[in-house]
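For reference, the structure is listed below as structure tokens.
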Amino acid sequence: MVTAPVLALLESGEETGQAWVRAQTRRELHECFDLWLDALEEAMKEEPPSLEVLTRAVWARRQELTAQVTEVLVRQRHAQALGQKNAPCPHCGRLLPARGLVSRTVETLVGEVALERPYFYCLECKQGFYPLDAALELAERRKQWDIQETGARLAAEVPFETAQELFSQLTGLSLSDHTTHAVVGEVGRGLGVLEVSPTAEEIAQRVASVAQGQKQPPIMVLAIDGAHVPTRPPEAKGPGKGRKRQRARRARWHGEWKEAKGFRFYLVDKERIVHVLSWHQIQKDVQVGEALRQVKEAGLIPEEQVRLCVIGDGAKWIWNQAKELFPTAVQVLDYYHLSEHLHKVALAQFDADPLKEREWVEASKAKLFFGLLDWVLIDLEGMKPRDAAAAEEIRKLLGYLKENQGRVKYGSLRRKGYPIGSGGIESANKFISHVRLKRSGAWWYVEQANEMLALRCAKYNGTFRRVFDRYKQRAIKGQGEPPS
Ligand SMILES: [Zn+2]
């Protein structure tokens, strides 16, 4: 405990005083440790214990020790805030007297930390405050930032239930469903592409590491596409908590698959790909374009240092966007997406003959792969449609190929080292969306799906820490504001 003479010494600011406090703190810590060892010995009477018995005993009690160490350190480093008799109101500046000590226990990854700190109340502003809480940057929740961050990281990776299970197994602490959901929502709320993007310097570093030892600038791919996410309508939310009511409500709404659209920038380093930036949301094409524009205008893509290439599925808005924002980028029609179109023609034309169907698709794919687009066009133009449906499919494919002529030169693209599809490596956003959002029985509200997608983008972009810190700083600032 910090005693009055200690405080006097501290305030005098003398070096001897500081040394004395330090020595006193050490004594307290050693005492804690002795007591802790006694308890540990008591728990390990069985002879001779296996390593597992030993580590289990230490593990079970480790937080008693680490929490006590933390308490002692708080008392040492915040002696002034703890002994404060007067404090100015943070809103109006009036000097207020302390109204006694109030205890509070907070949960951290090192255990439950008990605090006893002076309380102040301003009658004018009608608000109370604890200078120690502000100095320690405490979260309003009992679960402090370190717990919240770990929980949010886990929940961004695995279903909420599994996240809570893993959390308690790994830390020996508990995390409720409610808190996990609330924290994920608060951290993910209001995030835009620039909040989850690495900085221009960080991206330049990734480019430099791939460029090392290469004669040509590295290839950077911009892949734009979508993945389907199971969503539920806002009506699914509603009053009533009982199981019966929930079931009744569920029967009234129908889930809907919505497209999470977005883009991913990555570097191609021989067989390896180096992730740069992902942004995916359930959103409209124009919002994807707007996000791309923000990335461009923030100067995040070092266009001079890379050979930029845009891969898309053929949707016109993608090429328009690419042409406007990255006019010098090489455009590539996704080879795997094109293959699906070939399958459609084959199915309509050779329906009765699966072997012929397969042969034609493979032959056409091979021709395209080697850059023989003309051969494919001649073949299609000379084809005698089996029926009206086949004629329609052939017409569509011809139109598609002609429109994308400049984007299917797979032979020369490959020779220059460009990838010919994003699907061969990994769909740009399947690993962001599907892995976490597409699970049996899980239907997401659009808002929550987008918060989760933003967090997953942050995680893969390497900016999770920054995103969490933004949430934390905002929460701390919000706590200091007067009630409205
Ligand atoms: Zn005041």
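The values are calculated or read from the model by the stated rules, or taken from the named source; none is laboratory data. On a predicted model such as this, the values are computed, not experimentally measured, just so you know. Please note: Cβ atoms are built from the backbone with ideal geometry, for glycine as well, and neighbour counts cover all protein chains shown. Note: areas computed on protein heavy atoms with side chains; ligands, DNA, RNA excluded. Shrake-Rupley method; radii C 1.70, N 1.55, O 1.52, S 1.80 Å.
Ellipsoid semi-axes for the chain, based on the Cα gyration tensor and the rule √(5λ), read 59, 26, 25 Å when sorted largest first. The value of relative contact order for the chain, using C-alpha pairs under 8 Å at least six residues apart, is 16 percent.
Once all protein chains are placed together, Asp225 keeps about 30 Å² accessible to a 1.4 angstrom probe. Taking every C-alpha pair closer than 8 Å and separated by at least 6 residues, the mean separation divided by the residue count of region 221-376 gives a relative contact order of 18 percent. For the peptides 46-55, 88-97, the ranking by mean Cβ contacts within 10 Å, running from highest to lowest, is 88-97, 46-55.
Highest mean first, the peptides 39-45, 337-343, 468-474 sorted by other C-beta atoms within 10 Å per residue fall in the order 337-343, 468-474, 39-45. Of the cross-linked pairs Lys430/Lys459; Lys365/Lys416; Lys143/Lys477; Lys365/Lys438; Lys284/Lys416; Lys215/Lys365, those separated by over 24 Å at the C-alpha level are Lys365/Lys438; Lys284/Lys416; Lys215/Lys365. Across Phe160, Phe263, the residue with the most accessible area heads the list, and the full order at a 1.4 Å probe is Phe160, Phe263.
Remark: region 377-394, residue by residue, has Karplus-estimated 3J(HN,Hα) of 5, 4, 4, 5, 5, x, 5, 9, x, 5, 7, 4, 5, 5, 4, 5, 4, 5 Hz, where x stands for each Gly or Pro and the curve is 6.51 cos²θ - 1.76 cosθ + 1.60 at θ = phi - 60°.
Charge dipole (Cα centre; +1 on Lys/Arg Cβ, -1 on Asp/Glu Cβ; no other charges) of the chain amounts to roughly 1380 debye. Surface calculation, 1.4 Å probe, protein heavy atoms: Thr199 sits at approximately 50 Å² accessible.
The accessible area of Lys85, taken with all protein chains in place and a 1.4 Å probe, comes to roughly 150 Å².
Using only helices, what value at 222 nm comes out for the chain when you add -39,500 (n - 2.57) per DSSP H run of length 4 or more and divide by the total residues, to the nearest 500 deg cm²/dmol?
After summing the helix terms and dividing by the residues of the chain, the value is -17000 deg cm²/dmol.
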